[in-house]
Amino acid sequence: MLEQVKRIILVLSGKGGVGKSTVSTQLALTLREKGYKIGLLDVDLCGPSVPYLLNLEGQNIHQGNDGWIPVYLDNEQKLGVMSIGFLLNSRNDAVVWRGPKKTSMIKQFLEDVCWQELDFLIIDTPPGTSDEHITVMENLRQIPHCSAIIVTTPQQVAIEDVRKEITFCRKTGIPIMGIIENMSGYECPVCSECTNIFSSGGGKSLAEISKIPFLGSLPIDPRVGKLAGRGVAAIKELPDSKTSQVFNELVTQLSEQSNAT
Amino acid sequence: MSDIPENAPQHCPGTESQDAGKASACAGCPNQNICASGAASLPDPAIDIIKNRLSNVKHKILVLSGKGGVGKSTVTSLLGHGLAAKSPDINVGILDADICGPSQPRVLGVHGEQVHNSGSGWSPVYVTDNLSLMSIGFLLGSPDDAVIWRGPKKNGMIKQFLSEVDWGELDYLLIDTPPGTSDEHLSAVSSIDFTFLILVAGLQLLDTPQEVALLDVRKELQFCRKVGVPVLGVVENMSLFVCPNCKSRSEIFPATTGGAAQMCEDLGAALLGRLPLDPLLARCCDQGTDFLQALPHSPAVVALNDIVDKIISACEST
């Protein structure tokens, strides 16, 4: 099913809550704004957040002739989304599964979804280096043009987990495109003093130590937070923000690479 | 939980059923003899060992959250310090069940320590005289080492932690878990009778506003109901930001649907307390210093002590 996908990007992080889903959705939305055809696959089975972030909760997946048809954000079908969130009856439902069951669900997501022709398939992952990740890697091994973006926050605690994720990528042989540092600082709305709540510079120094390109740091911006749940791109809604700048650069880099191949 | 294996033949009666090994579907199954002998329906021998090992532990508390990065490890370490600080006679143990991303050694300031093996089992690492910790972080050679394990191997590790670690006499054993509702949680819950369970709800980072984090906590509450462990309550983390410069309070993660208080009301759980977001706390976690001793008057410590008192009184009354 993935032969018609030109390039696959995995969004990874060893730590939870650093913004993998936000980076995945914003990256997908930014690429869509630039006219590419995008698929977004959420393999976080125990805590799918993509449907909420893109305001697609309550949508259903349909079975077509060629396989499952993803949920499209727009009528032109430029951005297709697949997540276990669409298969649950209620938003409170918990998926209490052990590894083997999760593995077969992800295999189905990778093999049975009819994405049609895609420029980019973005895969959002849960935290850790376990069943979900091993399954995705095993199934993508044969596919060329696959790379990973690693998301981190600046604290030492997060960096430590992310170093493990880098080792994971190296062991499984997936090229790392770069590191994005999220939540770098917060500007107090009262006195405009910028506080590095979660310390600063951790992502950059990690990139230097592990010799991985640094793709930029995203500040804590409440305006971007408010975009969640609406499914709008930051570059469209907040063109002047630092967030848009980082995503613009990232997308430019991606399109240059895809033109070169 | 179903006892039918994933790769069983169609119509398998289940390994613990009366018909195991005898039903028509069992003909030709490579495990038919094992099932027919009754060996598969015996309880897991590890459970007895674990029960025995943990019989000196008075209260076992599981710290959970569906979402990652909400502060489970921070809250666990703070609770550990808080409980231990109440009296030198209270012994507290922390078990870090997050196999793929162990954070407790760093947060408690003991990374790089070694676990020793003695005749009575593995000895945990002591952070203070009455606070001990066990984590897979102590068993890894370098911080870059990744633990790339599927579920069954992680379960084995957790069972080993539960059965081999020599905690001694403990008043409280806190178990810190990874995000989600999967292998680690099921293993812990199925091997121990927990006194209580504490949920951590974080007002998630800006990009994932609170509603997303709560969405996952709701799932975790469902999980608790499914496995039948009583929920002591919910701790709301990072609810306010107190600017260190002007001391003004602001909500970084604005509550869009009433926050944890609303969720607790909806789902019938108690709200144990709210911890404000404090940059100094984050720094303490990175350096592994005891936040309670470093800044005894910060709003976070006051809120924390309140939560600790509630936990103690709830545990005493059972």
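Which Cα, out of B:179, B:285, B:296, lies furthest along the positive dipole direction of the stretch B:46-316 (beta carbon charges, K/R +1, D/E -1)?
With unit charges placed on the Cβ atoms, the residue in question is B:179.
Per residue, how much accessible area does the protein assembly as shown show when a 1.4 Å probe rolls over the protein heavy atoms, in square angstrom?
Counting only protein heavy atoms, the per-residue value for the protein assembly as shown is 39 Å².
Once label points are set 7 Å from the Cα along Cα→Cβ at both residue B:55 and residue B:297, what is their separation, rounded to one decimal in nm?
5.0
So which residue, out of A:212, A:84, A:38, gets the largest mean-square fluctuation from a GNM of chain A using Cα contacts under 10 Å as springs?
Evaluated over chain A, the most mobile residue of the options is A:212.
Can you give the helix-only mean residue ellipticity at 222 nm for chain A, where every DSSP H stretch with n ≥ 4 adds -39500 (n - 2.57) and the sum goes over all residues, rounded to the nearest 500 deg cm²/dmol?
Calculated from helices alone, the mean residue ellipticity at 222 nm is -11000 deg cm²/dmol.
Take residue A:240 and residue A:260, extend 7 Å from each Cα along the Cα→Cβ direction, and tell me the distance between the two endpoints in nm.
3.4
Once the Cβ-Cβ distance between residue B:129 and residue B:262 is put in as r, and R0 is 51 Å, what FRET efficiency do you end up with, to the nearest 0.05?
About 0.80, to the nearest 0.05.
Here is the link list: A:236/B:67; B:58/B:153; A:171/B:67; B:72/B:219; A:6/A:78. Which ones come out longer than 18 Å on Cα distance?
Beyond 18 Å between Cα atoms: A:236/B:67; B:58/B:153; A:171/B:67.
Work out the FRET efficiency for residue A:205 and residue A:91 from their Cβ-Cβ distance, taking R0 = 41 Å, and round it to the nearest 0.05.
0.55
Would you mind getting me the FRET efficiency between residue B:287 and residue B:316? Use the beta-carbon distance for r and R0 = 45 Å, nearest 0.05.
0.85
If ligands, DNA and RNA are left out, what is the accessible area of residue A:146 with a 1.4 Å probe, given in Å² to the nearest 10?
20
Under the Karplus relation 6.51 cos²θ - 1.76 cosθ + 1.60, θ = phi - 60°, what is the ordered set of whole-Hz ³J(HN,Hα) values for the stretch A:85-95, x standing for Gly and Pro?
For the stretch A:85-95, the Karplus curve yields x, 6, 9, 8, 6, 10, 5, 7, 4, 9, 9 Hz.
Compare A:175, A:222, A:127 in a GNM of chain A, Cα atoms joined below 10 Å, and give the one with the largest fluctuation.
A:222
Suppose we keep just the DSSP beta bridges with both residues in the stretch A:1-152; what percent of those would be antiparallel, to 5?
15
Step through the residues of the stretch B:230-235 one at a time and calculate ³J(HN,Hα) from phi using the Karplus curve (6.51 cos²θ - 1.76 cosθ + 1.60, θ = phi - 60°), rounding each to whole Hz and writing x for Gly and Pro.
Those phi angles translate into x, 9, 6, x, 10, 9 Hz.
Based on DSSP, what percent of beta bridges with both residues in the stretch A:1-82 are antiparallel, to the nearest 5?
For the stretch A:1-82, the DSSP antiparallel bridge percentage is about 50.
For the interface of chains A and B, what total accessible area is buried with a 1.4 Å probe, rounded to the nearest 100 Å²?
Approximately 5300 Å², summed over both chains.
Rounded to the nearest 5, what % of DSSP beta bridges with both residues in the stretch A:8-260 are antiparallel?
Given both bridge residues lie in the stretch A:8-260, the antiparallel proportion sits at roughly 20 percent.
If amide H atoms are built 1.01 Å from N in the plane of the peptide, which residues on other chains or at least 5 residues away come under 5 Å of the amide H of residue A:81?
Answer set, sorted by chain and number: A:40, A:71, A:72, A:73.
When the chain is fully extended, how far beyond the present Cα-Cα distance does residue B:160 get from residue B:46, taking 0.36 nm per residue of separation?
Using 0.36 nm per residue and subtracting the Cα-Cα distance, I get 40.2 nm.
Between residue B:140 and residue A:139, how many nm apart are label points set 7 Å from Cα along the C-beta direction?
According to this spin-label approximation, the distance is 2.6 nm.
What does the average come to when, for each residue of peptide B:177-190, you count the partner chain Cβ atoms lying within 10 Å of its Cβ?
For this peptide, the per-residue mean of nearby foreign Cβ atoms is 5.
The values are calculated or read from the model by the stated rules, or taken from the named source; none is laboratory data. In this text, all values refer to a predicted model and were calculated from it rather than measured experimentally. Reconstructed Cβ throughout: ideal geometry from the backbone, glycine too, with neighbour counts over all protein chains shown. Surface areas here come from the heavy atoms of the whole protein model, side chains and all, with no ligands, DNA or RNA. Shrake-Rupley method; radii C 1.70, N 1.55, O 1.52, S 1.80 Å.
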